[in-house]
Amino acid sequence: MALAQGTGVDTGRAARKPLVSVRGLSKKFSNGTLALRDVDLDLHASEFVSLLGPSGCGKSTLLRLISDLSQPSAGSIDWPGAASADARGRPEHSLGFVFQEPTLLPWAQTLDNVTLPLRLKKMNRTEADQRAAAMLELVGLKGFEKSYPRELSGGMKMRVSIARALVTEPKVLLMDEPFAALDEITRHKLNDDLLMLWQRNRFTAVFVTHSVFESVYLSERIVVMAARPGRVMSELIVDAPFPRDNLFRTSPEYAHLCRLGSEALKKAIDA
Amino acid sequence: MSETTLAPAAARGTDQETAPVFAEEARILGIARSRWPDILAPILVGILIIGLWEWVVRYKNIPSYLFPGPLVIAQTLVQDWHTLSGALWITLRITFAALIAAVSVGVALAILFTQSKWLERSLFPYAVILQVTPVVAIAPLIIILAEDVNLSLLICAWIVAFFPILSNTILGLNSADHNLVSLFQLYGANRWQTMRYLRLPASLPYFLGGLKISGGLALIGAVVAEFVAGSGGSASGLAYRILESGYQLKIPRMFAALLLISLSGIAIFLATSWLSHRLLHRWHESALKRES
């Protein structure tokens, strides 16, 4: 039911084996709500995909299903592109998750927050600290290793959260409206930094948002979803080259793509 | 507008500059300036009341066997220090033993209860029964059943002190952020790791709240049990000294013992408050000062 509506389908990507393949996925909550109905979605290695839709369209549910935090009512999620897999068929160390809130341990210093995934994997402390410190430097927080979350601004907390998600070098980074609570200036800065990290580490990014502008700026592909029941309505390919910067943000091309995105979103809301 | 450099060299972009600033307050004798009124105001009230008390006793010529003045009480405290300090030591020993037992049993049960819903279902109601039964009512029974007096006092004080720890720690263990629980699940954390790195730290503010209540309750439990045991003539703590002084009409000594109990309670409260502040002041909302 996915409908390619883009300005030029990348045939090279379509031919490759997807990293994650979602087929006929449905999720019904115990209270009877149909959160997702019959969703098909392929995620390819190193692509940046946005899930765009109104609230209640099941974007977050889809992320939770992909990350195995919740079990589907019907359908399947396969990892055909994974090199090695653990007992549950999921490639090891392969997922990072960024929530809408920074979700940090309030009692732990920044460095300890970032090393958490590594400590849970029983990596030795020295190596974990080194990797976390490098990651913090990459997200622009060198010098804040000993700060507590309380002492950081909203944008900085989100950077810590991103650093924690990326410290395991995951193949897939799932982000659930991570910048929704931030002011616009901070959000633009974090968008740029996120793209920088993505181009550097080449993970597959799945970015949930309800902002057309944010999704167009960031993604190569936008999956537009509709609510009640949550389903995929259409897909939009954004083939503007990277790196993208302020020039792109003010270009007619960006405005045009945003218009297309808004129309697709409007269709999804009216559907 | 002056330029302030608070952020380390790495700060760039805009979001770093909005980070909250935690300025050190000026300190006098190691205590922050804004804390001094909290300390001085009650002390001033205390001095006024004691002065008034002494004045009323002298002015009205009230005999000390009816209502002793503060000076006589202070004298008695010094004179009878040998007897009273021994009694104080006995009461404090029972209080602390009860508090330690309350903390270990309370926390251990709370952890067990959060691991197994069935254990909680079957045992929690009995913890409530222990809590709601007045300790004065069961103290005689315990004193008869337990062979050793000290042991029976300990059990009574423990019964009173353990419930706030249990119920607060259960609440705390269950109060971990749901997204953090998901995150631990995502990284395949086992039960022990989730307990160690998430649930236990998350429960700390709640546990400490329970500890503050239990500290006072352990003392109350110990004193109440001593009263019950003391009326049977088989105890030697502060409550027993109060009873004894009452019989012998040594009223100033009674007041001196009472003073020691109050001071012990205050000391326990201050100690638990200090501990709570030490453990929480870097991260928990309750321990942070708001700048208005």
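A short reminder: the numbers here are calculations on the coordinates, not readings from a lab. Just so it is clear, the structure is predicted and the values come from calculations on it, not from any experiment. Positions of Cβ are backbone-derived with ideal geometry, glycine not excepted, and every protein chain shown enters the neighbour counts.
Mind putting a number on the dipole of the protein assembly as shown about its Cα centre? Charges go on the C-beta only, +1 for Lys and Arg and -1 for Asp and Glu, and I need it in Debye to the nearest 20.
Numbers: 55 positive and 47 negative charges, 133 e Å.
The calculated dipole for the protein assembly as shown is roughly 640 debye.
Once you order the gyration tensor axes a ≥ b ≥ c over the Cα atoms, which shape class does segment B:20-142 get: rounded for a/c under 1.5, otherwise prolate or oblate by comparing a/b with b/c? It is oblate, given that a/c is not under 1.5 and a/b is not larger than b/c.
Can you give me the relative contact order of segment B:134-292 as a percent, contacts being Cα pairs under 8 Å and 6 or more apart? Walk me through the intermediate numbers first.
Details: 162 pairs, mean separation 39.3, N = 159.
Dividing the mean separation by the residue count of segment B:134-292 yields 25 percent.
Largest mean-square fluctuation among B:L217, B:L186, B:L204, in a Gaussian network model of chain B whose springs join Cα atoms under 10 Å apart, belongs to B:L186. Relative to the longest principal axis of the Cα atoms of chain B, helix B:36-59 runs at roughly 10 degrees. Take every Cα pair under 8 Å whose residues are at least 6 apart in sequence, average their separation, divide by the length of chain B, and the relative contact order is 21 percent. Pairs from the list A:K27/A:K189; A:K27/A:K267; A:K59/A:K157; A:K121/B:K212 with a Cα-Cα gap above 25 Å: A:K27/A:K189; A:K121/B:K212. For chain A, the longest principal axis of the alpha carbon atoms and the long axis of helix A:252-270 meet at an angle near 70°. Couplings 3J(HN,Hα) for segment B:179-195, derived from phi with the Karplus relation 6.51 cos²θ - 1.76 cosθ + 1.60 (θ = phi - 60°), are 5, 5, 4, 4, 4, 4, 5, 4, 8, x, 5, 7, 4, 4, 5, 5, 5 Hz, where x marks Gly and Pro. Summary of packing: across the peptides B:87-95, A:211-219, A:68-76, the per-residue average of other C-beta atoms within 10 Å ranks them, highest first, as A:211-219, B:87-95, A:68-76. Amide H contacts for A:D42 (H built 1.01 Å from N in the peptide plane; partners 5 or more residues away or on another chain; cut-off under 5 Å): A:V22.
Each of A:F179, B:F184, B:F269 was scored by other Cβ atoms within 10 Å of its Cβ. Listed from fewest to most, they are B:F269, B:F184, A:F179. Near B:W283, no amide H atom lies under 5 Å from its own; only residues 5 or more places off or on other chains count, and H is placed 1.01 Å from N.
The value given for chain A is a Kirkwood hydrodynamic radius of 19.2 Å, derived from the mean inverse Cα-Cα separation.
Using the Cα gyration tensor of segment A:149-264, with a ≥ b ≥ c the square roots of its eigenvalues, what is the shape: rounded (a/c below 1.5), prolate (a/b larger than b/c) or oblate (neither)?
Details: a/c = 1.55, a/b = 1.37, b/c = 1.14.
In terms of gyration-tensor shape, prolate.
Comparing A:M225, A:M123, A:M156 in a Gaussian network model of chain A (Cα springs below 10 Å), the most mobile by mean-square fluctuation is A:M123.
What is the sum of charges around A:R37, taking Lys and Arg as +1, Asp and Glu as -1, for the other residues whose C-beta is under 15 Å from the C-beta of A:R37? Kindly include the intermediate steps, with their values, before the conclusion.
Working: positive: A:R23, A:K27, A:K28, A:K59, A:R228, A:R231; negative: A:D38, A:D40.
Neighbour charge sum, excluding A:R37 itself: +4.
Only one residue of B:L112, B:I62, B:L77 has its Cα farthest out toward the positive end of the dipole of segment B:23-171, where Lys and Arg carry +1 and Asp and Glu -1 on Cβ, and that residue is B:I62.
Of A:L95, A:L104, A:L247, the residue with the greatest mean-square motion in the GNM of chain A, using alpha carbon springs below 10 Å, is A:L247. Between A:F48 and A:A205, A:E220, A:R221, the built amide H atoms are under 5 Å apart, and every one of these is 5 or more places off in sequence or on another chain. Between 0 and 90 degrees, rounded to the nearest ten: what's the tilt of helix A:110-120 against the longest Cα principal axis of chain A? With rounding to tens, the tilt is 70 degrees.
When the Cα gyration tensor is reduced to axis lengths a ≥ b ≥ c, the ratio a/c is 1.5 or higher for chain B, and with a/b not above b/c it is classed as oblate.
When A:R37, B:R282, A:R228 are sorted by how many other C-beta atoms sit within 10 angstrom of their C-beta, beginning with the fewest, the order is A:R228, B:R282, A:R37.
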